[in-house]
Amino acid sequence: MNFHILTLFPEMVMNGLNTSIIGRAVQAGLLSIEAVNIRDYAFNKHQSVDDYPYGGGAGMLMQAEPVYLAYEALAERIRSRRAGARADFSSSDNTAEERRPRVVYLSPQGDVFCQSMAEELAKEEDLILLCGHYEGIDERVLEEIVTDYVSIGDYVLTGGELPAMVMVDAISRLVPGVLHNDVSAEFESFQDNLLEYPQYSRPEEWHGKKVPPVLLSGHHANIEKWRREQSIIRTYERRPDLLEKSALTDKEKKWLREWAGQNSGEKND
Ligand code: ADE
């Protein structure tokens, strides 16, 4: 999968994404991440890319033209790379080449990013992430190039770079091979809208707290059952909103009602 980040701060995103798991996946050729500096497409001699908003108001806006030129150059590079790949493999499928890549504009006004969105975007071959800065970007270029508006939460950041990094991280780890352990992306927080169960490592006892005995039993079916129950309890206690969307069996729902009845008020005791 290829990420293309349109930004005024390329070093910020590249420094943040070249370490650990994502950095290794890039080294291994499973992902590519490039940052395109919008300032390189400034059309005046001072290389400025921002200006005052019409109608007045605080701050500066990123102008339409440099963003558009940066996007056009990038889209053309992607198109010719795809055309080259098609010629190499003499495939008759030209749909991917013709279809323009999705362009995500990071904005607090977008749909709130979530795991299912990450799963959907992980299927793309190329993904363009457009980062605004200052007070945002001239609306006209957004209308022309943006396909998706995405927010990472209901708070306002100084720019789209951190949200872009969050998205690259969450999407990348779903690309096959990025997590060496293929099962771990599947069976964790937010899969089936359940939070992950608690985990323990050595030593068996730490600060007087013992590892739950079932985990030392070697009995796999019991361990699976305990983990599923812990996931359900955790979600019930910490994110009850998710529980409504999870696919609990009737038996599990009944079990949870009983558990909740026995444990109600425990935290206040
Ligand atoms: N830009 C500024 N704040 C943002 C947010 N919460 N999500 C995405 N992009 C943003």
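How do the pairs read when you match residues in region 135-152 that are touching a residue at least 40 places away in the same chain (Cβ under 8 Å) and within 10 Å of the ligand (Cβ to nearest atom) with residues anywhere that are small (Gly, Ala, Ser) and open to solvent by 10 Å² or more (accessible area, probe 1.4 Å), using Cβ under 6 Å and keeping only pairs 6 or more apart or on different chains?
Matching pairs, first to second residue: Tyr149/Ser107; Tyr149/Gly110; Val150/Gly110; Ser151/Gly110.
State which residue pairs qualify: first residue under 15 Å from Glu161 (Cα atoms) and without any contact (Cβ under 8 Å) to a residue 40 or more places away in the chain and inside region 101-113, second residue open to solvent by less than 10 Å² (accessible area, probe 1.4 Å) and more than 9 Å from the ligand (Cβ to nearest atom) in any location, beta carbons under 6 Å apart, and separation of 6 or more residues or different chains.
Filtered contacts from region 101-113: no entries.
Within region 74-92, can one find any residue that is touching a helix residue (DSSP H, G or I) at 6+ places or on another chain (Cβ under 9 Å), in contact (Cβ under 8 Å) with a residue 60 or more places away in the chain and under 22 Å from Leu162 (Cα atoms)?
No, region 74-92 contains no residue that is touching a helix residue (DSSP H, G or I) at 6+ places or on another chain (Cβ under 9 Å), in contact (Cβ under 8 Å) with a residue 60 or more places away in the chain and under 22 Å from Leu162 (Cα atoms).
Give the residues of region 133-153 that are under 17 Å from Phe3 (Cβ atoms), over 17 Å from the mean Cα position of the chain (by Cα) and not in a helix (DSSP H, G or I), sorted by residue number. Outline the logic, then answer.
So the first thing to find is which residues in region 133-153 are under 17 Å from Phe3 (Cβ atoms), and the list is 145-148, 150, 152.
If we keep only those that are over 17 Å from the mean Cα position of the chain (by Cα) too, we end up with 145-146.
If the condition is that a residue be under 17 Å from Phe3 (Cβ atoms), over 17 Å from the mean Cα position of the chain (by Cα) and not in a helix (DSSP H, G or I), then Val146 is the only one that fits.
Please list, ordered by first then second residue, the pairs with beta carbon atoms under 8 Å, 6 or more apart or interchain, first in region 196-211 and assigned by TED's automatic domain parsing to the domain that holds Leu242 and without any contact (Cβ under 8 Å) to a residue 40 or more places away in the chain, second of a type in the set (S, T, N, Q) and surrounded by 13 or more Cβ atoms within 10 Å (Cβ to Cβ).
Glu196/Ser189; Glu196/Ser231; Tyr197/Gln230; Tyr197/Ser231; Pro198/Gln230
Picking from Glu76, Glu139, Glu125, which residue would you name as being open to solvent by 70 Å² or more (accessible area, probe 1.4 Å), modelled with pLDDT of 95 or more and under 30 Å from Lys245 (Cβ atoms)?
Glu125
What number of residues within region 204-245 are assigned to a helix (DSSP H, G or I) and either open to solvent by 70 Å² or more (accessible area, probe 1.4 Å) or not acidic (Asp, Glu) (or both)?
So the answer is 26.
The values are calculated or read from the model by the stated rules, or taken from the named source; none is laboratory data. Given the structure is predicted, the values throughout are model-derived calculations rather than measurements. So basically every Cβ, Gly included, is an ideal-geometry build from the backbone, and we count neighbours across all protein chains shown. We work out accessible area using only protein heavy atoms, side chains counted, and drop any ligands, DNA or RNA first. Shrake-Rupley method; radii C 1.70, N 1.55, O 1.52, S 1.80 Å.
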